[in-house]
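Trainee: Just passing along the structure, written as structure tokens.
What follows draws every value from the coordinates through simple rules; no lab data is involved. Since we're looking at a predicted model, the values are computed, not measured. Heads up, the Cβs are rebuilt from the backbone with ideal geometry, glycines too, and the neighbour counts pull from every protein chain shown.
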Amino acid sequence: MDPRAAAIDDRLAGVGRIVAVTGSKGGIGKSVISSSLALAWADEGMAVGLLDLDFTSPSDHVVLGGGGRFPTEEFGVDPVVLAGVRTMSVAYFSGDAAAPMRGGDVTNTLLELLAITRWGDLDALVLDLPPGLGDIALDVVRLVPRTEFLLLGTASRVVIGSVQRAVRLLVELRAPIVGMAENLRRDGGGEVEALAAGSGVPFLGAVPYDPALEDALGDPGRLRETDFFDAVRRIGREVAGRAGTATSPPGR
Amino acid sequence: MHEFALADAVVKAAVRAAREAGMARIEAITVRVGELQQIERDLFEFSLTEVIPAAEPALQGVRFVVEEEPVRFRCRVCEREFGTPDLDRVEDADDREAIHFLPELSHAYIRCPGCGSPDFEILAGRGISLARVEGDTDPGPAPG
């Protein structure tokens, strides 16, 4: 019997909301949005955690300007505080080394992180999910069923279809969806908003493509000054205002 | 003191298992400790006794049995099985520490001794598991 599952509820007992940022395609900005969402909430005085669940390409610590190895430990492992956000990542253990993992390894690593991390009292914990709705997303739904999903999409045709499938799957899994947001908006847009409306999911807002973003990564001060961050801050307020509203929309 | 968190998980899981089995009192908890996680055994055993909640009557006088399980890997590419000597080849203290916290990070630091692949399966000896919970089953009120 695996004892770790028994400890998870306890470890998350002081955590208010758990919001997982997901999108079925890679490269649509999940990590930058997750990290910025956590930072925006921390700036507003919330106690916020950020768990990077992209085990093969962790990058939240890069966005928030962190580094180094091995968090402090006492009765468990303490999150690393970056710009006011309590963060946890496999990168704090593996550094730059690449650790290829298959399904069972991914589940084990998730269980281990959830069982040993001492989040303490948090208003919200942001989970940054890897691309797709595979092992991690399924494990999050199974192990932490109160997790609310924030679906991220872009206007690209190759993304829209996969976000649509993601909604269908989350509905089938009865996973709560807090809403949908658009990233990398250039001119026009509206595709993600239309998809949200058609799926019965709240549209939380659009984040513009911001050429200033790349140079601001790793520097929370500069990140806060970008148009990108302004839009994420508005989405953060939208999500914060929707406490207790996330439900699985009716299946379509 | 990450051993404390693991000990805490073991005791919570044992109490849950005992409750599900209708046990009124737990006599012994057998924990299997996998070699890969490189638990500090003294610290872990001390933690097991420390995390027992005083308010949990089912655990009063409980005995802990800790069994060690050697690590076994199997390469998915060449199917070779390997184990302890290959873990011992990880010499860097930080790399060993990483495996201690997250045993799956062995994929970053251990390679198949046959073909050099990092794509191997951890067959046994990964980490902590609850092997057995023994105790008295509550017989319930005697028939009158």
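Trainee: Return one number: the angle in degrees, 0 to 90 and rounded to the nearest 10, between the long axis of the Cα atoms of helix B:41-50 and the longest principal axis of the Cα atoms of chain B.
Mentor: With rounding to tens, the tilt is 30 degrees.
Trainee: Could I ask something else about it? Tell me which trypsin sites (Lys or Arg not before Pro) from the range A:117-214 have a DSSP coil assignment and no more than 10 other beta carbons within 10 Å of their own.
Mentor: Working: sites: A:R118, A:R142, A:R146, A:R157, A:R165, A:R168, A:R174, A:R185, A:R186; in loops: A:R118, A:R146, A:R174, A:R186.
Loop-located and lightly packed - A:R186.
Trainee: If each residue of separation counts as 0.36 nm, what is the full-extension length gain between B:R74 and B:R25 once their alpha-carbon separation is subtracted?
Mentor: Working: separation 49, 0.36 × 49 = 17.64 nm, distance 4.00 nm.
Answer, rounded to one decimal: 13.6 nm.
Trainee: Let me ask you something else. What percent antiparallel are the DSSP beta bridges of the protein assembly as shown, to the nearest 5? Walk me through the intermediate numbers first.
Mentor: Details: 21 of 56 bridges.
Counting only bridges with both partners in the protein assembly as shown, antiparallel ones make up about 40 percent.
Trainee: Right, here's the next one. Going by Cα centres, the range A:44-92 and the range B:1-24 are how many Å apart?
Mentor: Comparing the Cα centres of the range A:44-92 and the range B:1-24, I get a distance of 28 Å.
Trainee: Sticking with this one: Under 20 Å from a point 7 Å along the Cα-to-Cβ line of A:T245: which residues of the range A:157-180 have their amide N that close?
Mentor: In the range A:157-180, the label zone of A:T245 (backbone N under 20 Å from the point 7 Å along Cα→Cβ) covers A:167, A:171, A:175-180.
Trainee: Run the numbers for A:E225 and A:Y209: contour at 0.36 nm per residue of separation, minus the present Cα-Cα distance, in nm. Numbers along the way, then the final one.
Mentor: Working: separation 16, 0.36 × 16 = 5.76 nm, distance 1.44 nm.
Gain on stretching A:E225 to A:Y209: 4.3 nm.
Trainee: A further question follows. Per 10 Å bin, what is the whole-percent P(r) computed from every C-alpha pair distance within the range B:1-123?
Mentor: P(r) for the range B:1-123, in whole percents per bin: 12, 36, 26, 18, 7, 0.
Trainee: Hey, another quick one. Can you compute the modelled spin-label distance between B:E91 and A:R186, with each label point 7 Å from Cα toward Cβ, in nm?
Mentor: Result: 5.3 nm between the two label points.
Trainee: Taking a cut-off of 31 Å, what percent of all Cα-Cα pairs in the protein assembly as shown are separated by more than that?
Mentor: It works out to 43 percent of all Cα pairs.
Trainee: Sort A:F75, A:F93, B:F44 so that the residue with the fewest other Cβ atoms within 10 Å of its own Cβ comes first and the one with the most comes last. Let's see the in-between values first.
Mentor: Details: A:F75 17, A:F93 26, B:F44 21.
Lowest to highest Cβ neighbour count: A:F75, B:F44, A:F93.
Trainee: Hey, another quick one. For A:K25, B:K12, which order do you get if you count the other beta carbons within 10 Å of each Cβ and list the fewest first? Don't skip to the end; give the middle numbers.
Mentor: Details: A:K25 19, B:K12 22.
The order, fewest Cβ neighbours first, is A:K25, B:K12.
Trainee: Got the relative contact order for chain A handy, in percent, Cα pairs under 8 Å and 6 or more residues apart?
Mentor: 25 percent
Trainee: Also, I was wondering about something else. Hey, in the GNM for chain A with a 10 angstrom Cα cutoff, which one of A:T226, A:T22, A:T87 fluctuates hardest?
Mentor: Among A:T226, A:T22, A:T87, the largest GNM mean-square fluctuation belongs to A:T226.
Trainee: Roughly how many whole Å is it from the C-alpha centroid of the range A:118-149 to that of the range A:190-252?
Mentor: 18 Å
Trainee: Just to confirm the number: angle between the C-alpha axis of helix B:2-20 and the first principal axis of chain B, 0 to 90 degrees, nearest 10?
Mentor: That helix lies at roughly 50 degrees to the long axis.
Trainee: Can you compute the helix-only [θ] at 222 nm over chain A? Use -39500 (n - 2.57) per DSSP H run of at least 4 residues, normalise by all residues, nearest 500 deg cm²/dmol. Each step should come with its number before you reach the end.
Mentor: Details: 11 runs with 101 residues, N = 252.
Here the helix-only value at 222 nm equals -11500 deg cm²/dmol.
Trainee: Moving to a separate point now. How would A:M88, B:M23 line up from fewest to most surrounding beta-carbon atoms within 10 angstrom? Could you put the intermediate results ahead of the total?
Mentor: Values: A:M88 27, B:M23 19.
Ascending Cβ contact count within 10 Å gives the list B:M23, A:M88.
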